[in-house]
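Here is the structure we will look at.
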Amino acid sequence: MMKFKLLKKDIYKYIYLTIALIFAFWFISIFELYMTISNGIKVPELGTAVAYKFFNDFWTAFIIALVLFPMYLLFAFLFKKTGKVIFIMLLTLIVISQFSLVKYSLTTLLNLGADILGYSYDDMYITVTASEEMSFVYFLPFISIILLFFIINYIFRKYISHKISLGILISLALIFGSFKILLADASNKAYQNKLYFLASDVYKFQKEKNEISNLNLFNRNDYPYLKSFEETKDVLAPFFNIEEKKPNIVILIVEGLGSEFVGDKTHRGFTPYLDSLISKSLYWENFVSTTGRTFGVVPSLLGSLPFGETGFLELPKTPSHISLISVLKANGYTTSFYSGDQSSFDKKINFLEYNDVDYVIDESKFGSEYVKTEGNSGGFSWGYPDAEIFKKTLASLDGKSLPRLDVIMTLTNHEPFTFPSKEEFEIKVDSILNSTQRFDISKEDILANKDIYTSLYYTDNSIKDFMNAFAEREEYNNTIFIITGDHRLIPITQKDKLCRFHVPLYIYSPMLKKPEKFKSISSHWDVAPSLLSFLMNNYKFNKLEETTWMSQGLDTARNFRNIHQIPLMRYKGSINDFIYKDYLLSDGELYKINENFGTFKITDENLLKTVSDSLKEFKKVNAYITQRNKLFPDSLNIYIKPSVEFSEEQLKKIKDLAEGLNFDETFNIARSNAFDSKYENARLLCDYILNELPNHADARTLKGRTLAWDGKYVEAEAEFLSVVKRSPYYDDSYIALLDLYWWSDQDEKSIALVDKAIEYEIENSEISFKLAKAYKRMNNLELSTKLMDSILVIYPDNEDYKTFKQSLE
C-alpha cells in the first residue's frame, strides 16, 4: 500500500512537470510571435497563429512526457530524490533546446531540421554569432524561460490539487484532440513546434537516406550524365561581337541578391546601378539558384555539379569532375578567386584546390591598407566588406597574364548587415525614402529593415565603383561580366516557397551586340555549360569531347517557359523542392508557377505523382554518381591533380591516432609525434587534416618541418611556399623556410623571402635575425651588422642578438 501511495505521488509530480513543460512551450511561442512582429515581419491572422502553435506545442510536450514517463519512474525508483532532480534537469534541457531552436529560427527565418547534419558546429556557431550579439542581455530570455518552468511547476505542486491538475491535463488533451480534426493547416512549418520539426525532419532525412542505400547502387557501372559536349548548344554567340582574342571572364557572386530587390520587383529601389545594368545586359528575370544557402553556389555555378547528400562540397570524397576553372586554366587562362571571408568556410577552398585555381585571395591575404568589418560584441566578423573586396581585386589584377577568369564573392549583404561608413549610406537610404519614388511595400516596412536596405545599397554602390574602375582598364572591352546572387537574402519575409531561390542573372559586356531580356527559366546549373559552349565554339580552345553537366544550358527564349528539370536543395540535406515545367513541388505539395514567377497551390494527383517520381529518380541518380564516383570518368579527366589517397593501413593508423578527435586536437597529436621524431605519423596526420582543410597553416608548416628534419628539402620547401602563398601574413612559415634555407645552404633565397615578408608587413625580429645570419655566411658583414643594429634598438637586452652582434665585430 505504501509503495502504491509513493507511486501515485510520483505520478502526480510528473503531471505537474508535464503541465509546466506545456506552459513553458506556450510562453516560448508567445515570445517567438512577439519577436517576429517586433522585427517588422507581419503575422497574418495572429489569433489563428497562436491557436496553431499552442496546439502543436501541447501535443509535442504531451508526447515527450509519454515517452519519458517510464524513464521517470525508473529514475524515481532507483535513485529516489537524486533521480528526480536529474530528470527535472533533463526537462529543463528540453525547454532550453526548444528556446534555442526558436532563437535560431528568428535569426535565420528557417526551422532547424536535417540541415543540422550537414553543418559543423563551427559553421552553425559562426552563422548564429554573426547575427546575434553575445551578451548578458542575449542570455536573459534563456534564464527567464528556465525560471518560468520552475515557477509553474512550483505553483502546481504547492497550490493546485492533484485532481485539478489531472483534470487540466485531461481537459487539454480532449480540447486539442478535437482540434486535430478542425485545425487542418496546423501542420504548416510556420506553426510546428521546433523540437518536433527537428526530430521529424531528421527522421525523414534518415529514412529517405536508408531507402536510397537499400536500392543497391552497386548493380550498375555507368556514368548517367556523361554526354557529348556537342549536346550543349551555343546559344550565346548570336548576342556577341566575336573577335580573335579569348575574352576575360569576371563572375560576381553577390551575397543575398534576390530578384525581388532589382528592377521593378517588390523590394525595388535600393540597387540603382544593378537596375540600370538590366537594360544593357542579357538578363534572365526568372532565374534560380539551385540551393537556398551559399554552400551550393560555387559548385553549381562554376561546375554544374550535383548535390550529394548534404551539398557537393560536403562529400567525404570528391568525385571526379571538371569546371570552368579547370577547363579555362587548361586553355591558357589565369584563374583567381576573391572573397573577404575565409575560403575554408563551406569548404570552398577544397573545390578551388581540386580544380587547381591559380590564386585564392581571401581574408588572410588583405593587408593593413584594407578596412575590415568591425566585429560584434563577441569579436566575430565575417571579414572584409564588399568595397574592400573589389578594391583588393583591382589591386591584384596587374601582372596577371591574360586572358583571366576572376571569380568574386561578396558578403556584406548578410547578417549582421554591418560595414564601414554605414552612416553615410543610411543617409542615402533616407534620401531615397524621402523622394517621390514609389515603392510596392510601405515605408514602415522598409524602415523596420533599414539595415538590410542600407546594406543592399552599399553592395550596389560597391559593384558600380568596381565596374567603373574596371572600365578604365585596357582589357575591359574584351571582358564578359556575369552577375548573379547566391540565393535570396533570408531575413526579409518570403512571399512563397520559390522566392528563396529566385535570383537575377546578368551577362554584361562591351562585346554585346544588343541587350535582351528573357522570361524563360534557367538556373545556376546552366551557366558553365553555356559559357564553355560559347568559348569553345568561337575561340581557339582545346575541345571538350564529353561533359557531365547537370543541365542543358541557358534558355534564351523571350517568352515564359521551362525546358529544364531543376531540383532545389533548400538547405544542406533537403532536396524537397523541384521545378518541373511550370510547376513547383515543395514538401510534397504542388504549385503552379506563373510568368511573373509567383506561385499558387493546385490539386492534381496524377501530376503530383509524375513530378514526385521525377524528383525521386533524381535523388537515386544523385546518390549513385556521388557515392560511386560515377560523375566523370577519371580516365577522361586531364584537368585535376588527385588529392592524397590513404591506404587501408594508413586509415587504420589515422583511426588509432586520432579517432574521435577534431582537427585541432589531431594537430596536437601530430605535433607531439613530430617532437618525438615520429615524422611519418606526424605527416600522415597532417595529410589527413589538409585533405579536409587545405589552408590549415599550422598543419602544412609542421609537415614541411618534418620533411626538412628528414633532409627532404625540396618537398619541404614546396610545403612552406604553399603556406606563404595561402597565408602570407602567417609569420611561422617564413621562419620555417628561413631555417630550411640555412640548413640546406641556400642563403640567397632568404633575401627574396624576407622581401616578401616586408611586403606583407610581417613584424618578427626572428625573421630579420635569421637573414642577418645568412648575410654573415655570405660574407656580407655590412648588411648583417646593419640588420642587427636595427634589431637591438628594439630588443637591447636579448642575449642571443647581442652575442651574434659581437661575432660580427
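The values are calculated or read from the model by the stated rules, or taken from the named source; none is laboratory data. Note that the coordinates shown come from a computational prediction; the quantities given were computed from them, not determined experimentally. Ideal geometry is used to build each Cβ from the backbone, glycine not excepted, and the neighbour counts take in all protein chains shown. These accessible areas exclude ligands, DNA and RNA; they are computed on the full protein's heavy atoms, side chains included. Shrake-Rupley method; radii C 1.70, N 1.55, O 1.52, S 1.80 Å.
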Most packed first (mean Cβ within 10 Å per residue), the peptides 463-474, 59-70 order as 59-70, 463-474
Taking Cα atoms, the helix 765-777 axis meets the longest principal axis of the chain at an angle in degrees (rounded to 10) of 20 degrees
Largest-first ranking of 543, 770 by accessible area, probe 1.4 Å, whole protein assembly kept, is 543, 770
Share of accessible surface on carbon and sulfur in region 753-809, whole %, 1.4 Å probe and ligands ignored, is 48 percent
From highest to lowest solvent-accessible area (probe 1.4 Å; ligands, DNA and RNA excluded), 703, 513, 712 read 513, 712, 703
Per the C-alpha gyration tensor (a ≥ b ≥ c, the square roots of its eigenvalues), region 732-809 is rounded if a/c is under 1.5, else prolate if a/b beats b/c, else oblate; here it's oblate
In degrees, nearest 10, the alpha-carbon axis of helix 194-213 is tilted away from the dominant principal axis of the alpha carbons of the chain by 60 degrees
Largest-first ranking of 327, 793 by accessible area, probe 1.4 Å, whole protein assembly kept, is 793, 327
Length gained, residue 629-residue 517, 0.36 nm per residue minus C-alpha separation, equals 36.5 nm
Full extension between residue 276 and residue 603 adds, at 0.36 nm per residue less the Cα distance, a length in nm of 113.7 nm
Classified through the alpha carbon gyration tensor (a ≥ b ≥ c as square roots of its eigenvalues; rounded if a/c is under 1.5, else prolate when a/b is larger than b/c, else oblate), the chain comes out oblate
Within region 531-557, the residues whose backbone N lies under 15 Å from a label point placed 7 Å from the Cα of residue 595 along the Cα-to-Cβ direction are 557
Rounded to the nearest 0.05, FRET efficiency between residue 665 and residue 157 (Cβ-Cβ, R0 56 Å) equals 0.80
Taking Cα atoms, the helix 713-726 axis meets the longest principal axis of the chain at an angle in degrees (rounded to 10) of 60 degrees
By the Cα gyration tensor axes a ≥ b ≥ c (a/c under 1.5 gives rounded; else a/b larger than b/c gives prolate, otherwise oblate), the shape of region 310-459 is prolate
Result for the chain: accessible area per residue, probe 1.4 angstrom, in square angstrom, of 45 Å²
So, relative contact order of the chain in percent, Cα under 8 Å, 6 or more apart, is 16 percent
